[in-house]
Amino acid sequence: MMKSLLPQSQLRRSAAAAARSSAGGAAGADGAMSDGGGAGPRAPASSTFWFLLHALCCLISLFLGFRFSRLLFFLLFSTTALYRSSTSSSSAAVLRATTTTTTTTTTTTTTTNTFTLSFAAANTPPSTPANRTALDVADKGAASGNPQSHVVVGRHGIRIRPWPHPDPVEVMRAHRIMERVQEEQRRWYGVKEPRQVLAVTPTYSRAFQALHLTGLLHSLRNVPYPLTWIVVEAGGTTNATASMLARSGLTFVHIPFSDRMPHDWADRHATENRMRLHALRVIRERKMDGVVVFTDDSNVHSMELFDEVQKVQWMGAVSVGILAHTGTADQLRLTEEDKQNMPLPVQGPACNSSGHLIGWHTFNSLPFSGKTATVVGEAAPVLPRDLEWAGFVLNSRMLWKEADDKPDWVKDLDAVGENGEEIENPLTLLNDPSSVEPLGNCGKNVLLWWLRVEARADSKFPEGKCP
């Protein structure tokens, strides 16, 4: 009985071991099958992953407004074998292009596209003139019908324009369009019936005359209203001034003044006042209609000034910025007390909260006492008068002898200066100075700048034409 049981137990153990071994072998076989066949199932998953990654990059590039370079993408994510094969094929393509000067290679997973920019041997760019550029050579190749004489970036070509660019004709056409737009804006939103501007300028022959008059005439040429330039020249008219006025392209009146311009600043101010008064008498005699503006040749004018003067009814006033510091640094040293009492460098009307004229802002010259120039050309600050003529504008009808709507508070021009008294400013033309109209946001806006810069009286300035 025991002999029969022992073989059965041994048989059971052997059967269990055989079962375990068969189960392990089956598991190993399954693992081997899964490892050996991994290339099959993973291939679709890898392709799907790279396709989705590429689609994601395309969406990101579309959202950002530019495309990622395929070359950069595949250089980063492609295998080494693919990169080597593409590089070898690209090198072979470059070696075959014997006349290639610039090569741009675009590599994909399957093909290699090479775009070249080449020139024939007969179309070699000339070495002269020196201003020839690569753009000119490219234009020449494009005109000769060479299909490879264009630049390609990605899928889009770049148009090569001739130099210089932009085209001057197109630029002038654009300026004319903007000018017409500005004219339409002024016609709809500007002054409906603009009056003529009568610009009065006293001048005389000196070293800086051409310098000052050139800057002034360019400012006057930009005025968008009808304008007549009335130039009064001390010491009589000269050919140099007449020639400059003739080349200005402006309507002008050249008036001689018998007195010569003195070299002392105080006498010069008085002479310029008489010259302006002489111009006003010429306006009255010729019955010139418009708005009188006193434009000194050395002043700087804003274009807003000429828009603002169209609002005046009889006489108006604007604020003038004073640029008095024209001397050397040693002569402009002020004490701390003078710096604390430094005047506001503005002349013009002062208004109350209701916008009515209540007084005048004047330039305080006390801190400059003993430090100012007395002779023209002296290296020291030149100060203005209490109220400069440049800060006033007036209707020319108030100068006429016969004007139906002329107000009673305006003096007759013949009664002004008849006894030889000095005319300091246009307020002497009025019986009631409170009738002056403040302009420029009630004097808050500075519309021009007063400046006096002159050379020495014995200095020479080159002529307009070089020998």
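The values are calculated or read from the model by the stated rules, or taken from the named source; none is laboratory data. These figures come from a predicted structure and were not determined experimentally. Using ideal geometry, Cβ is built from the backbone for each residue, glycine included, and neighbour counts are taken over all protein chains shown. SASA here: full protein model, heavy atoms, side chains in, ligands and nucleic acids out. Shrake-Rupley method; radii C 1.70, N 1.55, O 1.52, S 1.80 Å.
Values as computed for the structure displayed
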| read-out | value |
| --- | --- |
| Gyration tensor (alpha-carbon) shape descriptor, the stretch 154-280, a/c threshold 1.5 | prolate |
| Residue 418 - accessible surface, heavy atoms, 1.4 Å probe, Å² rounded to 10 | 120 Å² |
| FRET efficiency, 1/(1 + (r/R0)^6) with R0 25 Å, evaluated for residue 372 and residue 207 via beta carbons | 0.75 |
| Summed side-chain charge close to residue 287 - residues other than residue 287 whose Cβ falls under 10 Å, Lys, Arg +1, Asp, Glu -1 | +1 |
| Order by protection proxy (mean Cβ within 10 Å, highest first), peptides 289-298, 229-238 | 289-298, 229-238 |
| Estimated distance in nm for a label pair at residue 351 and residue 364, the labels positioned 7 Å out from Cα along Cα-to-Cβ | 2.4 nm |
| Relative packing of peptides 438-446, 188-196, 409-417 - highest average C-beta neighbours within 10 Å first | 438-446, 409-417, 188-196 |
| Spacing of the two label points (7 Å from each Cα toward its C-beta) at residue 401 and residue 260, in nm | 3.5 nm |
| Order by protection proxy (mean Cβ within 10 Å, highest first), peptides 204-216, 312-324 | 312-324, 204-216 |
| Three-way shape label, the stretch 164-238, alpha-carbon gyration tensor, a/c 1.5 | oblate |
| For the stretch 347-401, convex hull of alpha carbons as volume per residue, Å³ | 143 Å³ |
| Cβ-defined net charge surrounding residue 444, 13 Å radius [Lys, Arg +1; Asp, Glu -1] | -2 |
| Simple spin-label estimate for residue 441 and residue 418 in nanometres, 7 Å along Cα-Cβ | 4.4 nm |
| Probe 1.4 Å, all protein chains present, accessible-area order of 170, 424, 437, largest first | 170, 424, 437 |
